[in-house]
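Enquirer: One structure is given below, represented as structure tokens, and several questions about it will come after.
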Number of protein chains: 2
Amino acid sequence: MAPDQEIQLLCPVPVADDQKIMLAHGGGGRLMQRLLDQVVLKELHNDCLQERHDCALVPTPKSASTRLAFTTDSYVVRPLFFSGGDIGTLAVNGTVNDLAMGGAKPTWLSASFILEEGLPISTLRRICASMRRAAQAAEVTIVTGDTKVVERGKGDGIFITTSGVGVVNHAHPIGPRQVRPGDAILLSGDVGRHGIALMAVREGIRLETSLESDCAPLARTVLRLLDADVPVHCLRDLTRGGLASALVEIAEASGLELEVDENKIAVAEPVRAICEILGLDVLHVANEGRFIALVPSDHAEKALEALRGDPLGADARQIGRVAEPASRRVILRSALGTRRILDMLSGEQLPRIC
Amino acid sequence: MAPDQEIQLLCPVPVADDQKIMLAHGGGGRLMQRLLDQVVLKELHNDCLQERHDCALVPTPKSASTRLAFTTDSYVVRPLFFSGGDIGTLAVNGTVNDLAMGGAKPTWLSASFILEEGLPISTLRRICASMRRAAQAAEVTIVTGDTKVVERGKGDGIFITTSGVGVVNHAHPIGPRQVRPGDAILLSGDVGRHGIALMAVREGIRLETSLESDCAPLARTVLRLLDADVPVHCLRDLTRGGLASALVEIAEASGLELEVDENKIAVAEPVRAICEILGLDVLHVANEGRFIALVPSDHAEKALEALRGDPLGADARQIGRVAEPASRRVILRSALGTRRILDMLSGEQLPRIC
């Protein structure tokens, strides 16, 4: 045992923000207890976490027709902090949004940390505080968690894996296989903010206007659709691979042809400018607070109205429709009136955006 | 985009086992789809995963008195493969066991991978196959997952985070606060195998006898106690920090004194020998298939009988009892008849054992 660890043990002093993570913080002993008590649990405080049991017990939803939604995502975003959020915000909102895309009301979250030796305690504290705020905003409770520490050079500061459990209160299925010819394709807002906000930090690009990630919890916005009795066929948030990947995945899974109109897809001016400078196609750039909804065309107006009643859907628009042919393709009608097939990328333009 | 990635895209050849993970495998595009289809989903195949939706939908348990248990753990074990298991086995069994310690029947699991660029595809395939076998053995279904890739030198081959949801069918609470003076402390088997099996691989120690990790799913064993109507007060599996940490945590959370008898704690001969050579206290060494149960003393015999009816509890014994004083301490009566206070370590003797 390193001498400084022993000193830690003997002195009941707080885990100070100028200290760094040591391997021993992951060992299941006193130091780990102290890290959890004074940093992680202090920031994320709630009754369920305070139990410090191996697992959290939560009540079963009352209604027998209710189903549960279950999802998980690991977050490895670089940089850890960016305009409009950080890895903690993202880890909460990303998992909340995956539940929302199943038509679920997100309810319980778990959080598991893989820390690299040498991570400043202050960084961990700041990220945990972000997670608490994001969880409050999304109306979810982080009920259980885990912490591991790996040696310097075997991780990258911090990775967070969140899993989520949500409650599905409606009966109709939502997914690519429910998509039908004629369905309207609705987009909740402008695209490309998250990827470009990260890229700007990474590349040191200075902007005259502010550009923030769109990172946000989408459940409330989505549930407005269901509460308005819109028979939603499919929902998809536009993360890795952007709008293009989401559309292509739905075309392939449904077997149908999706037609979208480039003119209808909103892109903020600084996003468009940086995409032009860097030669990126904004349709492939990741978002963390945007989604598409495919709904029967005769419900499109009602759906747009429901979306626009929420700040995160204020700019919702219909961007296209599902066509008859069983082509499994996405057709993009460009601003110039030409038509081209939209495909997903092989890999990713901007690795580690989430 | 690297030329070899482009070739991947153009050739619909299988993801071969002699290939390695590239950053693009984590990008949400074609390469990622192919990796999932041909490796992860192929090995872990089930209907729910095949939906490829953002989250899994599972039915709510029927009974209104039922509660849900929810847990998560990240696995960063080194080496990835060891005698008696690998990181995949551990990721399934560890999370299954955390649910079991809540008195739950483990039901659904999620699996999230953080892969380091350069990881051989064959390694990922082998680990996924282990997870499938472990899930089958533990009677759980891996219903949802995620895959991220980080640059070479920013991870360590593979980290896996599993979360689990289980169903709690009994009404009485289980946890350190339920512990009462007079409770019998039962131990399900011998201790120290997992930590020492890993240590043997790391240190290149050759053994004349075989020594395997005790990594195993404990839910069936634990549920035998509950099915036998033993009013279990507390359950704890003996992972990081070993038997000592589990006892100390319970003493501190319950506020009581725990007395255990060193003579009653079984240790396999090769485990004892390696502990002596390396100067390790076996009571602090991690296990992955052992647990303690604290039960009212008048139910101890029935509980031992129930445990011994299962192969994973065949060697179950009473190792001590809970005493009256509100000392929050663990007293170890040694083989020589002396009494000493047992504490948890500050950090960990063997980092990254799970």
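Enquirer: Assuming R0 = 56 Å, can you tell me the calculated FRET efficiency for the pair residue B:212 and residue A:302, based on Cβ-Cβ distance, to the nearest 0.05? Let's see the in-between values first.
Expert: Details: r = 62 Å, r/R0 = 1.10.
The computed FRET efficiency comes out at 0.35.
Enquirer: Could you check how much of the accessible area of chain A is carbon and sulfur, as a whole percent, using a 1.4 Å probe?
Expert: Values: 6520 of 13060 Å².
Ligands and nucleic acids excluded, carbon and sulfur reach 50 percent.
Enquirer: Sticking with this structure for a sec: Could you report the buried accessible area between A and B, both sides summed, computed with a 1.4 Å probe and given in Å² to the nearest 100?
Expert: Roughly 6600 Å² of accessible surface disappears when A and B pair.
Enquirer: Work out from phi, with θ = phi - 60° and the Karplus expression 6.51 cos²θ - 1.76 cosθ + 1.60, the ³J(HN,Hα) of each residue of region B:336-349, listed in order in whole Hz, and give x for Gly and Pro.
Expert: With coefficients 6.51, -1.76 and 1.60, one gets 8, x, 7, 10, 9, 7, 9, 10, 7, 6, 6, x, 8, 5 Hz.
Enquirer: Taking chain B as a Gaussian network, where each spring joins two C-alpha atoms under 10 Å apart, which residue of B:290, B:206, B:339 fluctuates the most?
Expert: Comparing B:290, B:206, B:339 in the GNM, the peak value goes to B:206.
Enquirer: Follow-up question, since we're still on this one. How high is the FRET efficiency from residue A:229 to residue A:336, r the C-beta distance, R0 30 Å, rounded to 0.05?
Expert: 0.15
Enquirer: Taking θ as phi - 60°, what are the ³J(HN,Hα) couplings along region B:146-163 by the Karplus curve (6.51, -1.76, 1.60), each to the nearest whole Hz, with x for Gly and Pro?
Expert: Along region B:146-163, the couplings run 7, 9, 10, 10, 10, 4, 3, x, 10, x, 8, x, 8, 10, 10, 10, 10, 10 Hz.
Enquirer: If you take every DSSP beta bridge fully contained in chain A, what fraction is antiparallel? Give it as a percent rounded to 5.
Expert: On the way: 42 of 55 bridges.
Taking every DSSP beta bridge within chain A, about 75 percent pair in antiparallel fashion.
Enquirer: Calculate the length of the line joining the C-alpha centroid of region B:264-320 to that of region A:146-202, in whole Å.
Expert: Here the two parts' Cα centres lie 43 Å apart.
Enquirer: Using bins 5 angstrom wide from zero, how does P(r) for region A:254-311 break down, in % of all Cα pairs?
Expert: Over region A:254-311, the share of Cα pairs per 5 Å bin runs 4, 11, 19, 23, 19, 13, 8, 3, 0 percent.
Enquirer: Using a 7 Å offset from Cα along the direction of the beta-carbon, what are the separations from residue A:298 to the same position in each other copy, nm, ascending?
Expert: Here the equivalent label points are 7.0 nm apart from this one.
Enquirer: What FRET efficiency would be calculated for the residue pair residue B:281, residue B:133, taking the C-beta separation as r and a Förster radius of 22 Å, to the nearest 0.05?
Expert: Taking R0 as 22 Å, the efficiency between residue B:281 and residue B:133 is 0.10.
Enquirer: Connecting C-alpha atoms closer than 10 Å in a GNM of chain A, tell me which of A:124, A:115, A:57 has the biggest fluctuation.
Expert: Comparing A:124, A:115, A:57 in the GNM, the peak value goes to A:57.
Enquirer: Work out from phi, with θ = phi - 60° and the Karplus expression 6.51 cos²θ - 1.76 cosθ + 1.60, the ³J(HN,Hα) of each residue of region A:181-186, listed in order in whole Hz, and give x for Gly and Pro.
Expert: With the stated coefficients, region A:181-186 comes to x, x, 4, 7, 9, 9 Hz.
Enquirer: State, to one decimal in nm and shortest first, how far the label point of residue A:173 sits from each corresponding label point in the other identical copies (label point: 7 angstrom along Cα-to-Cβ).
Expert: 4.2
Enquirer: While we're here: Picking from A:211, A:307, A:99, which is most flexible by a Gaussian network model of chain A using Cα springs under 10 Å?
Expert: Checking each option, the largest mean-square fluctuation is seen for A:211.
Enquirer: With n ≥ 4 as the cut-off for DSSP H runs, can you work out [θ] at 222 nm for the protein assembly as shown, using -39500 (n - 2.57) per run divided by the number of residues, rounded to the nearest 500?
Expert: About -8500 deg cm²/dmol.
Enquirer: Would you report the distance distribution of C-alpha pairs in region A:176-342 as whole percents per 5 angstrom bin, up to the bin with the largest distance?
Expert: For region A:176-342, the pair-distance distribution reads 2, 9, 19, 22, 20, 15, 9, 4, 2, 0.
Enquirer: Hey, another quick one. Name the residues of region A:30-70 whose accessible area falls by at least 40 Å² when all protein chains are present instead of the chain alone, probe 1.4 Å?
Expert: A:30, A:33, A:51, A:53, A:54, A:55, A:57, A:58, A:60, A:67, A:68, A:70
Enquirer: Between copies, how close do the residue B:328 label points come, placed 7 Å along Cα→Cβ, listed in nm from shortest?
Expert: Ordered by increasing distance: 6.3 nm.
Enquirer: Turning to a different aspect of this structure: At a temperature of 25 °C and a viscosity of 0.890 mPa s, determine how fast region B:54-168 diffuses translationally according to Stokes-Einstein, using the Kirkwood radius over alpha-carbon pairs as Rh; express D in µm²/s, rounded to the nearest whole number. Can you show the working numbers first?
Expert: On the way: Rh = 14.7 Å.
After rounding, the answer is 167 µm²/s.
Enquirer: Using modelled backbone amide H atoms (1.01 Å from N, in-plane), which distant-in-sequence or interchain residues come within less than 5 Å of residue B:75's amide H?
Expert: Amide H neighbours of residue B:75, under 5 Å, 5+ apart: B:160, B:161, B:162.
Enquirer: To continue, here is another question. Is there a quick way to get the dipole size of the protein assembly as shown? I mean about its Cα centre, with the Cβ of Lys and Arg at +1 and of Asp and Glu at -1; what is the value in debye to the nearest 20?
Expert: 420 debye
Enquirer: Can you give me the long-range amide H partners of residue A:169? Hydrogens built in the peptide plane at 1.01 Å from N, cutoff under 5 Å, separation of 5 or more residues or another chain.
Expert: Excluding prolines and chain starts, which carry no amide H, the hits are A:105.
Enquirer: Kindly flag which residue pairs out of A:42/B:154; A:105/A:154; B:264/B:302; B:20/B:148; B:105/B:302; A:20/B:20 have an alpha-carbon separation exceeding 26 Å in this structure.
Expert: Violating the 26 Å limit, Cα to Cα: A:42/B:154; A:105/A:154; A:20/B:20.
Enquirer: Could you calculate, for the protein assembly as shown, the ratio of the Cα radius of gyration to the Kirkwood radius, expressed as Rg to Rh?
Expert: 0.99
Enquirer: With only alpha-carbon atoms counted, please give the Rg and Dmax of chain A, in Å.
Expert: Cα radius of gyration and Dmax of chain A are 21.9, 73 Å respectively.
Enquirer: Are there any helices in chain A, counted as whole DSSP H runs, that stretch 20 Å or more along their axis by Cα and score at least -1.0 on average by Kyte-Doolittle, and if so which?
Expert: Details: long enough: A:121-138 (25 Å, 0.13).
Within chain A the helices that satisfy the rule are A:121-138.
The values are calculated or read from the model by the stated rules, or taken from the named source; none is laboratory data. From a predicted model like this one, the values you see are computed outputs, not experimental measurements. So basically every Cβ, Gly included, is an ideal-geometry build from the backbone, and we count neighbours across all protein chains shown. Each accessible area value is taken on the protein alone, full model and side chains, heavy atoms only, with ligands, DNA and RNA left out. Shrake-Rupley method; radii C 1.70, N 1.55, O 1.52, S 1.80 Å.
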